[in-house]
Amino acid sequence: MQIRLTLDLPPGYRTRDVLAFHSRDAEGLAEQVRPDGLRKGVLLGGTPVVLDVDLGPGRAACSVDADGETGPALMAQAREALLNILGLRIDPAAFAAFAHEDPALGPVVARQPGLRIVQSATVFEALTWAIIGQQINLPFAIALRRSFIGLAGRAHSSGLWCYPEAPDVARLALEDLTSRKFSRAKAETLLRLARLVADGSVVLDRDRPIDEVTQELLAIKGIGPWTVNYALLRGYGYPDCSLEGDVAIRTAFHRLLGGDARPDIPATQRLLARYAPQRTMAAAYLWASLGDEAD
């Protein structure tokens, strides 16, 4: 069954950034990108759903194609996922005004107007992606993510695969993952998280206080501050994530500020503190600065 959703897009919306984020897996197992839009597969409440999005001037038109009934609950989930994958959670204008005269990021903001944080479709996707990608290079992380989807996800009737939910992952055995090049520690953390979410011990609802979510996640063996902050950024759209443990953030500060060595984690934490309570957008601009030819 198909239902249409429409969202307004702000002036200067950076369509190219959104498409680039969702085209990182060249094999397109769960995401397919075209010049004017994308298709994203995700399980929502156990139902395989494809979000087929056309991006036009000032508007995003999305066809929600579900292999099942599309009741109010599923449509609400689909709308939340759409806001995430289009990067519409955080308005960048406030940070642009705040950092306009900042010596480090002011010039980057001026060169990159309207930069947005594009997110994963669901909080669970963001959190599992953070675990999968930690401490490995991006191509290997993407390959592991593809295996993860193939093991725990489900194919939509259109053929596009849907990113799994916690119950789907909880059913896996450790060997299912370790036999696909997941380290034992990474596999154990993914299964531990999925089983806690599936049985209700950990609740990833977006309307919960962030400090409660953070404490709950940090109590899980294998999940540390970087993983939590990255998940808050990519899953919740939380505006004040502090990613001092991120190597790319530290490298960006080194390039922008100079010095003999890349700042360590405590120094990076102090540098990021001046951007509170908008450290998420600071991270976005620091990452963008690494690809900014004008730097």
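The values are calculated or read from the model by the stated rules, or taken from the named source; none is laboratory data. Since the model is a prediction, treat every value here as computed from it, not as a measurement. Note: ideal-geometry Cβ built from the backbone for every residue, glycine included; neighbour counts use all protein chains shown.
Residues that are assigned to a loop (DSSP other than H, G, I, E, B), in contact with a Leu (Cβ under 7 Å, 6 or more places away or on another chain) and not aliphatic (A, V, I, L, M) were ranked within region 49-103; the one that is farthest from Val118 (Cα to Cα) is Gly58.
Tell me, yes or no, whether region 101-112 has at least one residue that is among the β-branched types (Val, Ile, Thr) and closer than 26 Å to Leu218 by Cα.
no
Of the residues making up region 119-127, one or more are surrounded by 22 or more Cβ atoms within 10 Å (Cβ to Cβ) and charged (D, E, K, R). Which residues, counting only those in region 238-260, are small (Gly, Ala, Ser) and assigned to a loop (DSSP other than H, G, I, E, B)? If the condition is that a residue be small (Gly, Ala, Ser) and assigned to a loop (DSSP other than H, G, I, E, B), then Ser242, Gly245, Gly258, Gly259 are the ones that fit. Just so you know, in region 257-266 the residues that are out of contact with any His (no Cβ under 9 Å at 6 or more places or on another chain) and either within 14 Å of Ala130 (Cβ to Cβ) or at pLDDT 95 or above (or both) include one that is surrounded by the most Cβ atoms within 10 Å (Cβ to Cβ), and it is Ile265. When region 15-40 is filtered for residues that are in a strand (DSSP E or B) and closer than 14 Å to Asn84 by Cβ, the ones remaining, listed by number, are Glu31, Leu38, Lys40. If you go through region 52-82 and keep only what is crowded, with 16+ Cβ neighbours inside 10 Å and of a type in the set (Ser, Thr, Tyr), you end up with just Thr70.
Could you pull out the residue among Ala141, Ala126 that is small (Gly, Ala, Ser), in a helix (DSSP H, G or I) and in contact (Cβ under 8 Å) with a residue 60 or more places away in the chain?
Only one candidate passes the filter, namely Ala126.
Just to be sure before I move on: is Ala294 modelled with pLDDT of 95 or more and small (Gly, Ala, Ser) in the structure I sent? Full working, then the answer.
Numbers: modelled with pLDDT of 95 or more: no; small (Gly, Ala, Ser): yes.
Judged against the criteria, Ala294 is not a match.
Let me confirm something: among Leu196, Leu177, Leu138, Leu151, which residue is more than 27 Å from Val64 (Cα to Cα), surrounded by fewer than 21 Cβ atoms within 10 Å (Cβ to Cβ), modelled with pLDDT of 95 or more and not assigned by TED's automatic domain parsing to the domain that holds Val50?
Exactly one residue qualifies, and that residue is Leu196.
The rows are residues; the columns are (1) in a loop (DSSP other than H, G, I, E, B); (2) of a type outside the set (Ser, Thr, Tyr).
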| residue | (1), (2) |
| --- | --- |
| Glu175 | no, yes |
| Phe182 | yes, yes |
| Thr189 | no, no |
| Ala194 | no, yes |
| Gly200 | yes, yes |
| Val213 | no, yes |
| Leu217 | no, yes |
| Val228 | no, yes |
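Take region 155-169 and flag every residue that is surrounded by 18 or more Cβ atoms within 10 Å (Cβ to Cβ) and not in a loop (DSSP other than H, G, I, E, B). Residues satisfying the conditions are Trp161, Cys162, Tyr163, Ala166, Asp168, Val169. Tell me, yes or no, whether region 83-99 has at least one residue that is within 20 Å of the chain's Cα centre (by Cα), buried (at least 20 other Cβ atoms within 10 Å of the Cβ) and charged (D, E, K, R). Within region 83-99, one or more residues are within 20 Å of the chain's Cα centre (by Cα), buried (at least 20 other Cβ atoms within 10 Å of the Cβ) and charged (D, E, K, R). Of Leu256, Leu286, Leu272, which residue is without any contact (Cβ under 8 Å) to a residue 40 or more places away in the chain, assigned by TED's automatic domain parsing to the domain that holds Arg111 and farther than 16 Å from Val123 by Cα? Matching residue, one of Leu256, Leu286, Leu272: Leu272. If you go through region 205-248 and keep only what is buried (at least 17 other Cβ atoms within 10 Å of the Cβ) and in contact with a Phe, Trp or Tyr (Cβ under 6 Å, 6 or more places away or on another chain), you end up with Leu232, Gly245.
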